[in-house]
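Written out below as structure tokens is the structure these notes cover.
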Amino acid sequence: MFFKLGNGTAWLRSKQIGSIICLLVASKVIAQENKHSIKLLENAQTNDIVFSAKPGNCVALHQGRTCYATVAIQWQTPVKGDFCLYQKTTNKVLQCWQNSQGNQIQFEFESNVKREYQLIAKETKRIIAETSVNVSWVHKATPKKRRWRLF
């Protein structure tokens, strides 16, 4: 058996044809599983998805100062898929996972304002869950009192 290609002829044995057919069938099954996983994920309730940042609050000494902490973000979904963790304000990708149902990431947090994070399905670009790390302070900034004296 032979197949004509663009610039010549290629001979294929029956075993090679069988292997090609198996690969085509397997890729179709995988594509159907991905579509099924996406549908399951779309139908999943919000309480089926775990997405949290610990600590959820970072405390700086004075208002407006940068807060430093080691933050761990943990996530878990009811189905496996390809997911990415984004920092919402900068749209920066922190980490991506393939064929995963959950994972955890640790990073050094440095900010003087609240930061929000999103778990996004890579294929559909759909936001799966959101969490944030709040920044608070011990002492509120007070305006300095200026007393003018001539003598």
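The values are calculated or read from the model by the stated rules, or taken from the named source; none is laboratory data. Because the structure is a prediction, the values reported are computed rather than measured. Using ideal geometry, Cβ is built from the backbone for each residue, glycine included, and neighbour counts are taken over all protein chains shown. These accessible areas exclude ligands, DNA and RNA; they are computed on the full protein's heavy atoms, side chains included. Shrake-Rupley method; radii C 1.70, N 1.55, O 1.52, S 1.80 Å.
Of note:
- Residue in the range 107-131 that is most open to solvent (accessible area, probe 1.4 Å), counting only those that are in contact with a Ser or Thr (Cβ under 8 Å, 6 or more places away or on another chain) and part of a loop (DSSP other than H, G, I, E, B): Lys114
- Filter result for Ala60 (free of Cβ contacts under 8 Å to residues at least 40 places away in the same chain, in a strand (DSSP E or B) and over 18 Å from Asp48 (Cβ atoms)): no
- Neighbours by Cβ (under 8 Å, 6+ apart or cross-chain): first from the range 101-115, among the β-branched types (Val, Ile, Thr); second part of a strand (DSSP E or B): Ile105/Ala72; Ile105/Ile73; Ile105/Leu85; Ile105/Leu94; Ile105/Gln95; Val113/Val135
- Reported count of residues in the range 86-100, each being free of Cβ contacts under 8 Å to residues at least 24 places away in the same chain and buried (at least 17 other Cβ atoms within 10 Å of the Cβ), is 1.
- Yes/no for Lys88 being among the basic types (Lys, Arg) and touching a strand residue (DSSP E or B) at 6+ places or on another chain (Cβ under 6 Å): yes
- Total residues in the range 126-147, condition touching a residue at least 12 places away in the same chain (Cβ under 8 Å) and not acidic (Asp, Glu): 14
- For the range 50-78, filtered to residues that are of a type in the set (Val, Ile, Thr) and open to solvent by less than 20 Å² (accessible area, probe 1.4 Å), the residue that is nearest to the chain's Cα centre (by Cα) is Ile73.
- Inter-residue pairs, beta-carbon under 6 Å, first closer than 12 Å to Gln101 by Cα and in the range 65-85, second surrounded by 18 or more Cβ atoms within 10 Å (Cβ to Cβ) and of a type in the set (Ser, Thr, Tyr), 6+ apart: Val79/Ser37; Gly81/Ser37
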